[in-house]
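The values are calculated or read from the model by the stated rules, or taken from the named source; none is laboratory data. A quick note: this is a predicted structure, and the numbers were derived from the prediction, not measured. Each accessible area value is taken on the protein alone, full model and side chains, heavy atoms only, with ligands, DNA and RNA left out. Shrake-Rupley method; radii C 1.70, N 1.55, O 1.52, S 1.80 Å.
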Amino acid sequence: QSFVKDNIIKNQSILGFNSENIERTSGIIGGMCGGVAQSFFITPTQRLKIEAMTMNHKSSQKKVSSGALVSNIWKEQGFRGFYRGLSPMILKKGVDWGIRFYGVELFKEQFPEFYETMPGKFGAGMFGGALSLLTVPFDVMVASLQKSNGSGNLVEEFNELRKLGIRHFYRGGAMRFLHTSYHTGILIGFGSIYKDFMDEALFGNKKNMVV
């Protein structure tokens, strides 16, 4: 996200972006690019997690190991089996992180001095994480596609969820709210400390954050 954002800001005149909102625009685009890239790494592990949580166990069946899950998916579905649900995952992660960093930049614009403090960065992350609650339906779609007894068909799973009503698309919303809020708060708060540390260690650029 930082790499994309920094390059957009450096080349804003070439790209034709409005300098007035360049921080917010670059933050959103950087977040979306980071989210899309994350999808390709996280989809296989999420697939294994959901498979383990939703597979139908017989009472006499022993606990299935992660290695056995990988082997079963590979034998039955091949390499593509690990990327079942990739399309909604790309949409989900792209929109999710775009919204999160939009919230961070919005918080930063409203409270510029407070944002320079550690509590301010944590608060900005909490705010951005809370906004990403809008992407819960994508989470539900991914889980429905990747479950053990799922059809793997996006249209079929969507129609099944639609029959259950709009509230079903937001199941688990409360836990998602808690998770994304503190998760993004930690990311922005401690991520900034790590970035400043590396800047000083590698390039000698020292920046003192107000605690």
Point to revise | Candidate residues Lys10, Lys195: accessible-area rank, largest first, probe 1.4 Å | key: Lys10, Lys195
Practice item. Could you run the Karplus curve 6.51 cos²θ - 1.76 cosθ + 1.60 with θ = phi - 60° over region 170-186 and give me ³J(HN,Hα) per residue in whole Hz, x for Gly and Pro? Key: 10, 5, x, x, 5, 5, 5, 4, 5, 5, 5, 5, 6, 4, 6, x, 5
**Study point:** Out-of-range pairs (alpha-carbon distance over 21 Å; input Lys75/Lys163; Lys10/Lys195; Lys10/Lys92; Lys121/Lys195; Lys49/Lys75; Lys10/Lys121)
**Key:** Lys75/Lys163; Lys10/Lys92; Lys10/Lys121
**Study point:** Potential extension, Phe177-Ser2 segment - 0.36 nm per residue separation minus Cα distance
**Key:** 60.6 nm
Practice item. Step through the residues of region 128-133 one at a time and calculate ³J(HN,Hα) from phi using the Karplus curve (6.51 cos²θ - 1.76 cosθ + 1.60, θ = phi - 60°), rounding each to whole Hz and writing x for Gly and Pro. Key: x, x, 5, 5, 6, 4
Review point. Per 5 Å bin, what percent of the C-alpha pairs of region 155-194 does each bin hold, from zero upward?
Key: 6, 21, 15, 13, 12, 12, 9, 8, 5, 1
Review point. What accessible area per residue, rounded to a whole number of Å², is obtained for region 63-151 using a probe radius of 1.4 Å?
Key: 47 Å²
Review point. Once amide H atoms are placed 1.01 Å from N in the peptide plane, what residues at a sequence separation of 5 or more from Gly85, or on another chain, have their amide H within under 5 Å of its amide H?
Key: none
**Study point:** For region 108-148, projected area of the alpha-carbon convex hull averaged over all directions, nm²
**Key:** 3.8 nm²
